Every structure is written in structure tokens, then in C-alpha cells.
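Q: Below is a structure I'd like to ask you about.
The values are calculated or read from the model by the stated rules, or taken from the named source; none is laboratory data. Keep in mind it's a predicted model, so treat the numbers as computed, not measured. Cβ coordinates were reconstructed from backbone atoms using ideal geometry, including for glycine residues, and neighbour counts include every protein chain displayed.
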Amino acid sequence: MLRNRIENMEREKERLAAATRDQIISKEKQHAAELLKKDERISQLETQIQCLVSVIKLTMYVILNVFCCMLVFYYC
């Protein structure tokens, strides 16, 4: 009887260990998925920033050209 009880306890211990392992693996997969989503969002934001920088540079170039043209017309 004691032997059966010990065997049952061993099986329960193994079952709990497997369940704990499965929980840890599941949480790690969930965490990895969250990190992937964050990385994708960061990549999108970096692309948007690069586009905005390009637009700002182009706008500054146009403004500078307009200003130069105004100066030329003013002094001519």
C-alpha cells in the first residue's frame, strides 16, 4: 500500500513538472510573439521617421529656393 502511494506521488510529481514546463514554454512563446510585434512596430516607426525626414529636407530645400528667388527679385 505504501509502495502504491509512493508511486502515485511520483506520477503526480512528474505530471506537475510536465504541466509547469508546458506553462513556461507557453509563456516563452507568448513573450516571443509580443517581442516580434514590438519589433515590427519599431520597424514601421523607423520607416515613417525616415519618410518624414525626407519630406522635411525637401520642404527646407523648397523654402530655401523660394527665399533665394525672393531675394533675387527684391534686389534686381
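Q: Anything in the range 17-44 that is over 22 Å from the mean Cα position of the chain (by Cα) and acidic (Asp, Glu)? List them, or say none.
A: Selection gives ASP22 alone.
Q: Kindly evaluate THR47 against the criterion of being part of a helix (DSSP H, G or I), free of Cβ contacts under 8 Å to residues at least 40 places away in the same chain and more than 26 Å from the chain's Cα centre (by Cα). Break it down stepwise before answering.
A: Values: part of a helix (DSSP H, G or I): yes; free of Cβ contacts under 8 Å to residues at least 40 places away in the same chain: yes; more than 26 Å from the chain's Cα centre (by Cα): no.
Criteria not met by THR47.
Residues checked against (1) at pLDDT below 95; (2) among the hydrophobic types (A, V, I, L, M, F, W, C); (3) exposed (fewer than 10 other Cβ atoms within 10 Å of the Cβ):
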position	(1), (2), (3)
LEU2	yes, yes, yes
ARG11	no, no, no
GLU14	no, no, no
ALA17	no, yes, no
ARG21	no, no, no
SER26	no, no, no
LYS29	no, no, no
ILE42	no, yes, no
THR47	no, no, no
